[in-house]
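The values are calculated or read from the model by the stated rules, or taken from the named source; none is laboratory data. Note that the coordinates shown come from a computational prediction; the quantities given were computed from them, not determined experimentally. As a convention, Cβ positions derive from the backbone with ideal geometry for all residues, glycine included, and neighbour counts pool all protein chains shown. Each accessible area value is taken on the protein alone, full model and side chains, heavy atoms only, with ligands, DNA and RNA left out. Shrake-Rupley method; radii C 1.70, N 1.55, O 1.52, S 1.80 Å.
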Number of protein chains: 4
Amino acid sequence: MTDLAAVKAALKNQAVETPSWAYGNSGTRFKVFAQQGVPRSPWEKLDDAAQVHAFTGVAPTVALHIPWDKVEDYAALAKHAEERGLKLGAINSNTFQDDDFKLGSVCHADAAVRRKAVAHLLECVDIMDATGSRDLKLWFADGTNYPGQDDIVARQERLGEALAEVYARLGDEQRMLLEYKFFEPAFYTTDVPDWGTAYAHCLKLGPKARVVVDTGHHAPGTNIEFIVALLLREGKLGGFDFNSRFYADDDLMVGAADPFQLFRIMYEVSRGGGFSADVAFMLDQCHNLEAKIPAIIRSVMNVQEATAKALLVDREALGAAQVAGDVLAANAVLMDAFNTDVRPLLREVREEMGLDADPIAAYARSGWAEKIVAERVGGQQAGWGA
Amino acid sequence: MTDLAAVKAALKNQAVETPSWAYGNSGTRFKVFAQQGVPRSPWEKLDDAAQVHAFTGVAPTVALHIPWDKVEDYAALAKHAEERGLKLGAINSNTFQDDDFKLGSVCHADAAVRRKAVAHLLECVDIMDATGSRDLKLWFADGTNYPGQDDIVARQERLGEALAEVYARLGDEQRMLLEYKFFEPAFYTTDVPDWGTAYAHCLKLGPKARVVVDTGHHAPGTNIEFIVALLLREGKLGGFDFNSRFYADDDLMVGAADPFQLFRIMYEVSRGGGFSADVAFMLDQCHNLEAKIPAIIRSVMNVQEATAKALLVDREALGAAQVAGDVLAANAVLMDAFNTDVRPLLREVREEMGLDADPIAAYARSGWAEKIVAERVGGQQAGWGA
Amino acid sequence: MTDLAAVKAALKNQAVETPSWAYGNSGTRFKVFAQQGVPRSPWEKLDDAAQVHAFTGVAPTVALHIPWDKVEDYAALAKHAEERGLKLGAINSNTFQDDDFKLGSVCHADAAVRRKAVAHLLECVDIMDATGSRDLKLWFADGTNYPGQDDIVARQERLGEALAEVYARLGDEQRMLLEYKFFEPAFYTTDVPDWGTAYAHCLKLGPKARVVVDTGHHAPGTNIEFIVALLLREGKLGGFDFNSRFYADDDLMVGAADPFQLFRIMYEVSRGGGFSADVAFMLDQCHNLEAKIPAIIRSVMNVQEATAKALLVDREALGAAQVAGDVLAANAVLMDAFNTDVRPLLREVREEMGLDADPIAAYARSGWAEKIVAERVGGQQAGWGA
Amino acid sequence: MTDLAAVKAALKNQAVETPSWAYGNSGTRFKVFAQQGVPRSPWEKLDDAAQVHAFTGVAPTVALHIPWDKVEDYAALAKHAEERGLKLGAINSNTFQDDDFKLGSVCHADAAVRRKAVAHLLECVDIMDATGSRDLKLWFADGTNYPGQDDIVARQERLGEALAEVYARLGDEQRMLLEYKFFEPAFYTTDVPDWGTAYAHCLKLGPKARVVVDTGHHAPGTNIEFIVALLLREGKLGGFDFNSRFYADDDLMVGAADPFQLFRIMYEVSRGGGFSADVAFMLDQCHNLEAKIPAIIRSVMNVQEATAKALLVDREALGAAQVAGDVLAANAVLMDAFNTDVRPLLREVREEMGLDADPIAAYARSGWAEKIVAERVGGQQAGWGA
């Protein structure tokens, strides 16, 4: 039997970090379709993120991306966030959009380019000091497009050196989260292509270094919940970049492509104690076609629904069936939780938190969408990849 | 025994069409790295394409992309090409970069958007009339990102209607080449995702409609040469968009990722009579990191090498081993051709054509690369996806 | 608004065909683990299938596999079925376990082998005459393991000839269902590897030939519901072989690996009129580890649940959101149905059908499992691949 | 410039271990096609392996599989090998064909089953003592077919314990090689699914534990040479199980499906010093359709050809192009080696070794194939999975 009060308490305590860049324009290599009302500054991104938190109650922090969210005064930005009920979250580095990084950043053959990349990473730690952020999230676009283009091993050496230098700069409460990605934008090798590579580097760096699992960054067929379970067991799961995919790194709304997979991941988080450990639950999505704020609200709700189902798994019954070797019964216990409609429960949770039971409808009624379209005229819309 | 004189003759007659857009800048959704000396107009693209033909002798036509290559006077453009030893090739439509096409073009739910898309396609046929191009190459980015976003069947109906309207406009000597693609930029459904869908539409349209095989547009593991063999058997192979890939639609230089696959494809072309049928051999690549003109020269050479190996297959010995059910012997016949170093043969072929035996070195010595860097200053560099 | 009475009626009319071979032992190339109580004859397989129908009410037919289910007297077998409330369903051919078929059956280079294969297929039609079965289901293991091993095009010619000969033998009410498979047991080419190939053959054969979609027979990432929608639109969807997979042709219980995908498939069936057309809904699974009869009951229930959800989709609201181009709203309509817990509805449906609301529990209480373990001692257990 | 004498010396020193089981029958889950003349005992397998070594000169050791190759007197078996110019190689364990291992072996929930599995592994070390084998190669079929079937983390704990117990038993000169596999025979989780998992266990175990790379055991698109380079850098590459694949774990002849990939792997071995380190180069293939001994000879030759090409890479020129960031030039250096026809060089190497230049033809002339067909009549043919 599951303890419903405990489930509700866990759901109220949940925290999903939304990424500043998801509020801006995004697209594919073919076209970025601009939307009306999109933020034109980090300040406006926080204004939008505050809407997501206001209606869901579980999105209290916002990840920043440097240099996209570079401002003169980070204390002022943090204050702007706080006034809207938010805190600044992970700092995400960018070593893929400077012309010097065409053939790599921290893995580049040229030491001068590597120094430039490391300098950027160190600047990110400076910003963390200013914002009070705990996590430096590192994703490297480094890799090669053609066999022979560069030396795989030499690039690992360079990567290791750069990470060590940045790691040494971290404060006592700061962490480095290392992300891996199967491919893209590099098409032959990627310098951190899988969890094993990220894990090996984190092991060498020390306890402040942990692996980030982006749910869209795996080879077809990869069992992501297995990786999550392993990293939790090793104390090396730093966090998630949630999104969903049918093909490659599609960056669709989390839970949209395979809600059962998301549930299985959240079950392993639950089973491995991930909700009480220092695991960061972040979104990393691109809302190319759909309206951005409601898409992010929907994504947060999808995480909530998967979490609720995971928490409803009858762990005792599951364990008993597993020990008995009853394949069908064990599977049935898990499926029973997945097949439960948890939306009524979540409506209750929201009402107990003083929120509207239906965040999507409440946001639609709020007039915010119309307001930003009307007010955010002129200026340069925020966008990534641009 | 293979007839070496016939092989040489076939190699001299080979024609690989290069795409105007490969001479311009390209990139991923993360970044387009600009290169120096890149063309700023269709005229300059033809100038570059002429270099590729001058040094390889087998790249006599250039595919255009509308509207990227839109000019006032297509007769003048055709003349510009002819003066450089070139002809204008296939006309490629673009129904993915107008803001109206965000949710589709010919498959869009809104009839007004569909009319706009069809109008563009009809304009492309007008341009074909002006340029004397035989082929209208259609690739549709149409699709959806989320389950439920649109009605799969309704989109097929709309697609069929649009294709029929354009087909009816084709002249007697003109053809419609329909391309399929597994995914991207759409991430849930693509409206022409596989050869079967393209084939079904082409069958209904009639003999002027044929399927284009882009070697990067398949699901992982797909046996492309099988598709090529089938389409040739059905008389429905219109042509190739050559490139290569390790992961998704990476658009790397053809033959760079899996030269054995390219050889197998060319073998099926040879076996199915594709060199003498109306099959268009086109490149469709993105040279994001590497220098563009030599990358295209290399790509043409890669097609030549695969073709030479395919032509060297001892068809008689192969057939005998196949009929005998001798698996190892049959495989060995094929591998024997693949393992042959055909570069000396191709050097001979080039010298007999009055060309330098080494196109890459000859181009490097020509000074063209330095010249375009020096001269093409200012203006707007050509780029796709931008 | 959905019409609940109509949904219930549809659920009561649903028919899922179970395969005789799923009641026998199965395994991987590494090991077949035998289970106690497994049938030792076609007669005992029908006894087990009758249990599945008795407890679910929607599994009234049983597919046979020849020669695994060969008997002297098919009329007697049909009577045995009828006495248990069943009918005999599709006849499945086997052209992959005779030593002569090592390099292929209907595609073999040797005409004598092809004649043997065709003779077997014709014998299957004879059996259909005797059993009253409507459908001849053809799956060919034909293919090659190595490039060059055989001629791709010649094999297509042979395939086409064999199919034509068998097609000509079909009675007025009989159909040929042609199955495709991405790979396995052939590892380089498969002679019917995708829906396009099957469709092309069926088109040439005529209206009695249709394509079968086995949900485990696709390349990674393939959008199966798209194929289903297309085939229904063309009137060429003959039926399903349901199962589920994480990797290759895993043959797990349908709905076990990706219940959302199964729902999307059933939605396209519903949207395309597939429930009222002549589409055969069949299971094709291997219960290697789990108890077979309850696994099949669970599978039937999974199909029911996906069907119920698909029928609950608010088609009107969906269409309105689609036409409006409201991506989030359209997706939400679909997800609303998927997120609904339809188990209470199905319990109601069962009770209205005079069945126990919980088929799994009812079967467990029935004592059948214990009975067959006790009684089926000695003899040769049925198994496929053996 | 490459030193041709050094290349030849390296090729003469190369050692490829052939697996005893590849000489026996194998197949897929659908059918094992028996071949004439197949060995009926470990002794006869060694007789066949001796032929491969006699004609190639570089296959001096034979891997055993326990219990398939269980004999009363391992000293006698070793002597039998020595008399034929062979040594016994790695001992491969089998924890997947006993009925008790249906739900796992070392990861099974039941401690008694785990004890049985560990006892088998310890017995394998006993056999290593008797045969003088250095390597214990461990591949576990352990995993689950359904979500919830067992506890992922608990299984890792059990695995770790079992490995530690076996590791402690190893002699000073003995090693444990841990193999990973993406999937099959388990279809939801596999307990050692990727190199990261194997690496993490080996790290904990100690220096005698190393990872084995089976070239067929990866997700689609995985860059295997990257893994090889990383493991070599970490001193954790224990060896290879060579084979090739188009789809899953197809176990085709190495180099048959993607000779360019094999070359890239061998290049990373060469670049990382793998030829002089303690890396075991083993075959692990299934010759389902083709004649077994010549298939293994061909496989050894394929490894030789890839090695020769890898050794011919102009490392100096490559390094210069890489440091210069010249993508095309660096790629061209690598491709130049790959495009070289190394068969004349290998013929020379063989003649200098006193061998026939053409091992396939020499074997065919030897009469061995006819002899074993004539003599090996009656008895039980060896086969795996049976």
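Couple of notes before you dig in:
- Inside region A:324-336, residues that are in a helix (DSSP H, G or I) and facing another protein chain (nearest Cβ under 8 Å) make up a count of 8.
- Pairs where the first residue, in region C:337-360, is within 14 Å of chain A (Cβ to nearest Cβ) and the second is open to solvent by 40 Å² or more (accessible area, probe 1.4 Å) and among the basic types (K, R), C-beta under 7 Å, 6+ apart: C:N339/A:R343; C:I360/C:R298
- Qualifying residue in region C:189-209 (condition: open to solvent by 20 Å² or more (accessible area, probe 1.4 Å) and polar (S, T, N, Q)): no
- Cβ-Cβ distances below 6 Å connect the following pairs, each with a first residue in region C:259-281 that is closer than 17 Å to C:T2 by Cβ, a second residue that is open to solvent by less than 30 Å² (accessible area, probe 1.4 Å) and polar (S, T, N, Q), and a separation of six or more residues or different chains: C:M266/C:T307.
- Identity of the residue in region C:79-124, assigned to a helix (DSSP H, G or I), charged (D, E, K, R) and more than 14 Å from every other protein chain (Cβ to nearest Cβ), that ends up least open to solvent (accessible area, probe 1.4 Å): C:E123
- Scanning region A:166-188 for residues that are open to solvent by 20 Å² or more (accessible area, probe 1.4 Å) and among the small types (G, A, S) returns A:A168, A:G171.
- Annotation note: of B:F246, B:F281, B:F260, the sole residue that is aromatic (F, W, Y) and under 15 Å from the mean Cα position of the chain (by Cα) is B:F281.
- Residue in region D:337-347 that is of a type in the set (V, I, T), open to solvent by 20 Å² or more (accessible area, probe 1.4 Å) and at pLDDT 95 or above present: yes
- Residue in region B:1-46 that is surrounded by the fewest Cβ atoms within 10 Å (Cβ to Cβ), counting only those that are of a type in the set (D, E) and touching a residue at least 60 places away in the same chain (Cβ under 8 Å): B:E44
- Condition check for B:L163: at pLDDT 95 or above, in contact with an Asp or Glu (Cβ under 7 Å, 6 or more places away or on another chain) and part of a helix (DSSP H, G or I): no
- Residues (part of a loop (DSSP other than H, G, I, E, B), more than 22 Å from C:G367 (Cβ to Cβ) and in contact with a Pro (Cβ under 9 Å, 6 or more places away or on another chain)) located in region C:24-75: C:T28, C:R29, C:F30, C:K31, C:W68, C:D69, C:K70, C:V71
- Region A:244-258 - residue that is closer than 23 Å to D:G148 by Cα and open to solvent by less than 20 Å² (accessible area, probe 1.4 Å) and, of those, farthest from the other protein chains (Cβ to nearest Cβ): A:V254
- Subset of region B:178-237 [more than 7 Å from every other protein chain (Cβ to nearest Cβ), touching a residue at least 40 places away in the same chain (Cβ under 8 Å) and among the aliphatic types (A, V, I, L, M)]: B:L178, B:A186, B:V192, B:L205, B:A209, B:V212, B:I224, B:V228, B:L232, B:L237
- Subset tally (residues that are crowded, with 23+ Cβ neighbours inside 10 Å and farther than 19 Å from C:I152 by Cα) for region B:215-237: 2
- Residue in region C:142-160 that is open to solvent by 30 Å² or more (accessible area, probe 1.4 Å), in a helix (DSSP H, G or I) and in contact with a Lys or Arg (Cβ under 9 Å, 6 or more places away or on another chain) present: yes
- Within region B:178-204, the set of residues being in a loop (DSSP other than H, G, I, E, B) and of a type in the set (A, V, I, L, M, F, W, C) comprises B:F182, B:F183, B:A186, B:F187, B:V192.
- A single member of D:D241, D:D249, D:D258 is at pLDDT 95 or above, charged (D, E, K, R) and within 24 Å of B:I265 (Cβ to Cβ), and it is D:D258.
- Test result for C:A310, open to solvent by less than 10 Å² (accessible area, probe 1.4 Å), facing another protein chain (nearest Cβ under 9 Å), closer than 30 Å to A:M301 by Cβ and among the small types (G, A, S): no
- Residue within region D:274-292 that is basic (K, R), within 17 Å of D:K8 (Cα to Cα) and more than 10 Å from chain A (Cβ to nearest Cβ) present: no
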